[in-house]
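Structure record follows, encoded as structure tokens.
Values in this text are rule-based calculations from the coordinates and carry no lab data. For clarity, every value in this text was computed on a predicted model and none was experimentally measured. Note: ideal-geometry Cβ built from the backbone for every residue, glycine included; neighbour counts use all protein chains shown.
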Amino acid sequence: MLKTLDQKLQRIHADPTGSKDFILADAKDADMAAGMAAPGVDARTRKMRSLAEYRQLMRDVVKQGLVDIMLMSASSSEQLTIQERLFDSSAVTPACRANDTTDIHLMTGGIAPTEPSRPFRTATIDQIQSARVNPTPEQRRLGANLGLYSITPNNQVEFDYPMIEAYREFRIEAEIKGFRHFLEIFDPNACGEACPEDMGRYINDLVARTLGGVPRAGRPIFLKMVYHGPKALEELVTYDPHLVVGLLGGSSGTTLDAFKLLENGRKHGARAALFGRKINNSEDQLTFIRFLHTIASGQIGAVEATKAYHGELQKLGITPYRKLEDDLQETVTVSSYAGTSTTVVVKPGGADKAKADGVAIGNANLPTRADGTPDFSKMSLAQKVAYNRQRIARI
């Protein structure tokens, strides 16, 4: 079956500035991070889902056919890709999380996410491709042949050097074994006093520097990274139009948060979006994905989509998590996997309005730096308290 991912990538590279293609991925690999909390809560029953229910949602989304990639853990992929052959007759591409750095080890009561990220890989490329440690050539063709590799820099050489060394070793192995990957770049999770002031430019420079020495055969097919605002995104896209930039969803937030992120990213040069928690924590995942698809294709705007989504929930008899007026708010979103760093989405005139009305945290009207991150030096005490209360509650 011809995969939509490959078709879209071909058209994007044929016309990087003119192509309207947009890649969508559902990330259901959270069992490699949050453990038993990964499946999330069912909106109808308000009960935690089981792993079996989580995998059924993967089947449902693949059969819907509106995403281009289904990202899974190696164990889920073994069941769906190898045992069930789910993707053989589907245009959706199976993919697996190819590494799980320590900052995504989110066990209840665990402290790993509060310390600088360290490299680690549970699954090997062989196991992703075949569910075997030492597969035959025939077995290697049975599983997924695309992986997500993530890095989390902290601007500290003692932690960042092992991270980029591990990525170099992975790239070499992947090229030898014919394994494709896409690269996820999280914002620092524990940079302390070393946090860059201009995070957007720091991450852009890191991407350009990291890939500058990588020949085409070893490069990621696209990127997954935090949206740091129009300026940073446009700078990276202009620097190299063949760097297919994708946006990571981050924390769940409101429905408008998800739809607006996709709308803004598409407008300023992103060509992919990978939403895990935003999809998994929605009230109805297939309906949510349907609206993501219409926004990605430019058929509808974020505000209109949010209102229409609530209308569909009403038809389905599902009580939304938030009232429509609350779901139409932009909020503070977490930009690292564990929620140890944040990005503030600011509406036009937000910083000026914050000076006037003090604390408008629900609308994210806070003083910010040029890259859109919070400027704590300009916040009042009340703003700092409100910001951190909401951040803690969201985490």
Notebook entry, point to check: Amide H to amide H, which residues 5 or more places from Met225 or on other chains are under 5 Å from it, using H placed in the peptide plane?
Noted result: Ile185, Gly246, Leu247, Leu248
Note to self: Given a 10 angstrom Cα cut-off, can you work out which residue in Asp88, Asp100, Asp126 is the most mobile in a GNM of the chain?
What the structure shows: Asp88
Next item on the list: Rounded to whole Hz and in sequence order, give me ³J(HN,Hα) for the stretch 281-292 from the Karplus expression 6.51 cos²θ - 1.76 cosθ + 1.60, θ = phi - 60°, writing x for Gly and Pro.
Entry: 9, 7, 5, 9, 5, 5, 5, 4, 5, 4, 6, 4
Notebook entry, point to check: How large is ³J(HN,Hα), in whole Hz, for each residue of the stretch 158-175 in order, when computed from phi with the Karplus curve 6.51 cos²θ - 1.76 cosθ + 1.60 and θ = phi - 60°, using x for Gly and Pro?
Noted result: 4, 9, 6, 4, x, 5, 6, 5, 5, 5, 4, 5, 4, 4, 5, 4, 4, 5
Check: So which residue, out of Thr45, Thr368, Thr287, gets the largest mean-square fluctuation from a GNM of the chain using Cα contacts under 10 Å as springs?
Finding: Thr45
Item checked: In range of the label at Ser297: residues from the stretch 62-106 whose backbone nitrogen is under 13 Å from the point 7 Å along Cα→Cβ -> 65-68
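Any idea what the dipole of the chain comes to, in debye rounded to 20, about its Cα centre with Lys/Arg Cβ at +1 and Asp/Glu Cβ at -1? Walk me through the numbers before you get to the answer.
Numbers: 49 positive and 47 negative charges, 142 e Å.
Dipole about the Cα centre, nearest 20: 680 debye.
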Check: Mind listing the phi-derived Karplus ³J(HN,Hα) values for the stretch 35-48, rounded to whole Hz, using 6.51, -1.76 and 1.60 with θ = phi - 60°, and x for any glycine or proline?
Finding: x, 5, 7, 4, x, x, 9, 6, 5, 7, 9, 6, 10, 5
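Within the set of other residues whose C-beta is less than 9 Å from the C-beta of Gly40, count the net charge using Lys and Arg as +1 and Asp and Glu as -1.
Values: positive: Arg49, Arg277; negative: Asp42.
Local net charge: +1.
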Notebook entry, point to check: Assigning unit charges at the beta carbon (Lys, Arg +1; Asp, Glu -1) and nothing else, what dipole magnitude in debye, to the nearest 20, does the stretch 251-299 show about its Cα centre?
Noted result: 220
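Please report the net charge: other residues with Cβ closer than 11 Å to the Cβ of Met225, K and R +1, D and E -1.
Values: positive: Lys224; negative: Glu184, Asp187.
My count for the surroundings of Met225 gives -1.
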Check: Which Cα, out of Leu24, Pro196, Ala131, lies furthest along the positive dipole direction of the chain (beta carbon charges, K/R +1, D/E -1)?
Finding: Leu24
Check: For Thr93, which sequence-distant residues (separation of 5 or more, or a different chain) have an amide H within less than 5 Å of its own amide H, given hydrogens modelled in the peptide plane?
Finding: Leu5, Ile69, Met70
Checklist line | For peptides 128-138, 112-122, sequence by mean Cβ density within 10 Å, most packed first | finding: 112-122, 128-138
Check: Is the shape of the stretch 195-314 rounded, prolate or oblate, going by the alpha carbon gyration tensor and its root eigenvalues a ≥ b ≥ c, with a/c under 1.5 for rounded and a/b larger than b/c for prolate?
Finding: prolate
Check: Sequence-distant or interchain residues sharing an amide H contact under 5 Å with His181, placed H: which?
Finding: Gly147, Ile221
Next item on the list: Might you report the magnitude of the Cβ-based charge dipole of the stretch 69-210 about its Cα centre, with Lys and Arg at +1 and Asp and Glu at -1, to the nearest 20 debye?
Entry: 640
